[in-house]
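A short worksheet on the structure shown next.
The values are calculated or read from the model by the stated rules, or taken from the named source; none is laboratory data. Since we're looking at a predicted model, the values are computed, not measured. Counting neighbours? That spans all protein chains shown, and the Cβs are built from the backbone with ideal geometry, glycine included. Just so you know, the surface numbers come from the protein's heavy atoms only, side chains and all, with ligands and any DNA or RNA stripped out. Shrake-Rupley method; radii C 1.70, N 1.55, O 1.52, S 1.80 Å.
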Amino acid sequence: MPNEADTPIDPPLVDLPINTHDSGFYNGFSREVTIPGKIIVSLIIMWAIFFPVNAMETLKIANSTIIASFSGWYIYLVASFIVVCGVLALLPQSGRLRIGEPDGKPEFSRFSWFSMLFGAGIGIGMLTYSTGEPLAHFASNPDIIRGTIEASSPEAVRSAYMWTFLHWGFGAWCTYALVGLAIGYVAHRRGLPLTIRSSLAPIFGERMSGPAGHLVDIVAVVATILGVAVTMGLGVQQFVAGLHRIGLGDWLMVTNADGELTASAAAIVVALLLLVGASTISALSGVGRGIKWLSNINMGLSFALLALFAVAGSGLYGLKLLGVGIWDYIVTLPANSLTLFSSDGSDAGDALVQWQLDWSVFYWAWWIAFAPFVGMFIARISRGRTIREYIFGVALVPALMCFLWMGLAGGTAIDLELNGQAQGAILNTGISDQLYATLAVLLSPNVAWVVSGLVVVLLMTYLITSVDSAILIVNTINGAGEDEGGRRYHILFWGTALAFVVGSMLILGGIEAIRITMIIGALPFSVVVTLMGASIIKAVVYDLIRKRQGVPTTEEACLEWAEEQKVA
């Protein structure tokens, strides 16, 4: 770090030119980013469609070698994100810095801001896993594998929630917060383009205008498509299961090789046509209208469904699990965040390693792959907030909402199993159907039908919001930070591409095929996120020193300072 007493620091970079085409089909886009991104995603689709056997074999090999080799990298990297976000928020000097001009005001109200954070960030996964994950860890988690507690017993509930909250807590949201802060800080405070490469300008400067910057944005585009594909895959499966539950036909579901009911190929195609079509229409309306209003609807429906579980379900039991789960999560967070299981040659040791790969490593890779999309989106809607307000808002509020969902919905499901009322009807169904199965046990048939329909609508709005946001974010990256203008045909391309990635992978090998592809695709972007963490630390530290030295730190002040220097 420079000696601030002897070496005045230059003002920050406030201009990062990125060449974009000025006419034709790619008008307003960086062809060096857009075309390679489209080619890579198209090759993935063709590989899955035309070489399904080879694709599945390759994915299986990758699952047993590449992913296992990088499990430690994912575990320790996400732990470091939590530390960096905590330090930036809690230090008074950094926490007071504003993402934008010092006197700037937020663009959205806090309610709309929180709604968009939650709806675009993790709503679909929360619907699938609100019952699915507590029930899964109720049946198997590291304590059960070690033999210290019995599976599906009252004693297994507490540890089930500890591990559930680990996966849906600060690890996820600090990853998003860090990426969004690194982008938003330089975009809104320094006037750099709202794109991934700008976040690395504090380290690499104007070199991000060239090939290195193009590569960063290409990696971000591919990671975004694969990360959103996992979310869409989960959502489509649960959407189809819901349609089957409310009686729209047996053709929606088929029995797979393992004897489990899963979405049929025809149902997947129909669902994707409906959902991606609606998402594309919404994307054409822009962030201020389509996404904002859908996010507000999402939040309202979520609270209505939560109220149902609180009143008609095991509300008090769920709130108890919420309190105990949060306490256990906080107390064990340092140890569990840094624990990397290794095989000792025993069956239990191998099972622990596989459990961590199937759960923690999958989640950390998912959050990293999802981070360019969610981070860009959060950066877009967070202008004017202080770093402290931003990090606390992004890391705490959506995490608490996830915890509340899992406490009330998951707690009700577990309580119904423990008291014998469910008799295995919830535990023994697939994860995509467990929320509906819980409602079927809890409510009368007619009421369960109505509420299941509400869940289908809620899931549909979450899917539309997420895909809508993802399409806009991909075009923003390709458009060198611009999210307005002639984007119609590119919106159609990315909507279609997402549908083909999800459809081909689901039909090829189910959600497992998408999961493996996404974890591998997240690896290159994990390097970018690491650099983003170092970059935002440097940007904040140097801006604090500039403030002490009287050197400007914002775009407007830097431009005025440059004019004064010319006159002098």
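222 nm [θ] for the chain, helices only, -39500 (n - 2.57) per DSSP H run of 4+, per residue, to 500? Could you put the intermediate results ahead of the total?
Working: 23 runs with 407 residues, N = 568.
So the calculated ellipticity at 222 nm is -24000 deg cm²/dmol.
Where the Cα atoms of the range 297-429 are projected onto their three principal axes, how long is each span, largest first, in whole Å?
Computed over the Cα atoms, the extents are 51, 46, 28 Å.
Please report the equivalent ellipsoid semi-axes of the chain, computed as sqrt(5 x eigenvalue) of the Cα gyration tensor, largest first, in whole Å. Could you put the intermediate results ahead of the total?
On the way: eigenvalues 309, 142, 104 Å².
Result for the chain: semi-axes of 39, 27, 23 Å.
Report, in degrees rounded to the nearest 10, the 0 to 90 angle that the Cα long axis of helix 211-245 makes with the longest principal axis of the chain.
Roughly 30 degrees between the two axes.
When the chain is fully extended, how far beyond the present Cα-Cα distance does Thr332 get from Ile246, taking 0.36 nm per residue of separation?
Once the chain is fully extended between Thr332 and Ile246, it gains 26.9 nm.
For the range 1-151, what does the alpha-carbon gyration tensor say about shape, rounded, prolate or oblate, given a ≥ b ≥ c as the root eigenvalues, a/c under 1.5 as rounded, and a/b over b/c as prolate?
On the way: a/c = 1.84, a/b = 1.23, b/c = 1.50.
Verdict is oblate for the range 1-151.
Output the peptides 221-229, 382-390, 103-111, 361-369 sorted from most to least packed, where packing is the average of other Cβ atoms within 10 Å over each peptide's residues.
Going by the mean number of other Cβ atoms within 10 Å, highest first, we get 221-229, 361-369, 382-390, 103-111.
With all protein chains present, how much of the accessible area of the chain (probe radius 1.4 Å) comes from carbon and sulfur, to the nearest whole percent?
63 percent
For the range 3-107, what is the accessible area per residue in Å² when the probe is 1.4 Å?
Per residue, the range 3-107 has 56 Å² of solvent-accessible surface.
Can you work out the PRE-style zone for Arg96? Point 7 Å along Cα to Cβ, and I want the residues of the range 536-566 with backbone N under 18 Å.
540-554
Kindly point out, ordered by number, any Cys in the chain whose beta-carbon has no other cysteine beta-carbon under 4.7 Å away.
For the chain, the answer is Cys402, Cys558, because their Cβ atoms have no other cysteine Cβ under 4.7 Å.
How do the peptides 431-443, 179-191 rank, highest first, by the average count of neighbouring beta carbon atoms within 10 Å per residue?
Taking the mean over residues of other Cβ atoms within 10 Å, the ranking is 179-191, 431-443.
What are the equivalent ellipsoid semi-axes of the range 374-472, built from the alpha-carbon gyration tensor (square roots of five times its eigenvalues), in whole angstrom, biggest first?
Semi-axis lengths for the range 374-472 are 34, 17, 10 Å.
Please compute the per residue accessible area over the range 294-399 with all protein chains in place, 1.4 Å probe, rounded to a whole number of Å².
36 Å²
Less than 14 Å Cβ to Cβ from Leu243, Lys/Arg counted +1 and Asp/Glu -1: what total charge do the surrounding residues give?
With Lys, Arg at +1 and Asp, Glu at -1, the neighbours total -1.
What is the pair-distance distribution P(r) of the range 411-464, computed from all Cα-Cα distances in 10 Å bins starting at 0, with each bin given as a whole percent?
25, 50, 22, 2
Quick one: length gained pulling Ile203 to Ser153 fully straight, 0.36 nm per residue minus the C-alpha distance?
12.8 nm
Enter the accessible area per residue of the range 409-568 (Å², integer; probe 1.4 Å; all protein chains in place).
37 Å²
Using a cut-off of 21 Å between alpha-carbon atoms, which lysines can reach Lys538, once sequence neighbours fewer than 8 places away in the same chain are excluded?
Candidates past the 8-residue exclusion: Lys547.
What FRET efficiency, computed as 1/(1 + (r/R0)^6) with R0 = 56 Å and r the Cβ-Cβ distance, is obtained for Ser42 and Val397, rounded to the nearest 0.05?
Plugging the Cβ-Cβ distance into 1/(1 + (r/R0)^6) gives 0.90.
May I ask for the equivalent-ellipsoid semi-axes of the range 80-173, computed as the square root of five times each C-alpha gyration tensor eigenvalue and listed largest first in whole Å? Please report the intermediate quantities before stating the final value.
Details: eigenvalues 276, 64, 13 Å².
Over the Cα atoms of the range 80-173, the semi-axes work out to 37, 18, 8 Å.
Roughly how many Å² of Trp113 are accessible to a 1.4 Å probe, to the nearest 10?
The accessible area of Trp113 comes to roughly 0 Å².
What figure, in Å² to the nearest 10, do you get for the accessible area of Met518 with a 1.4 Å probe and non-protein molecules left out?
Per-residue accessible area (Met518): approximately 0 Å².
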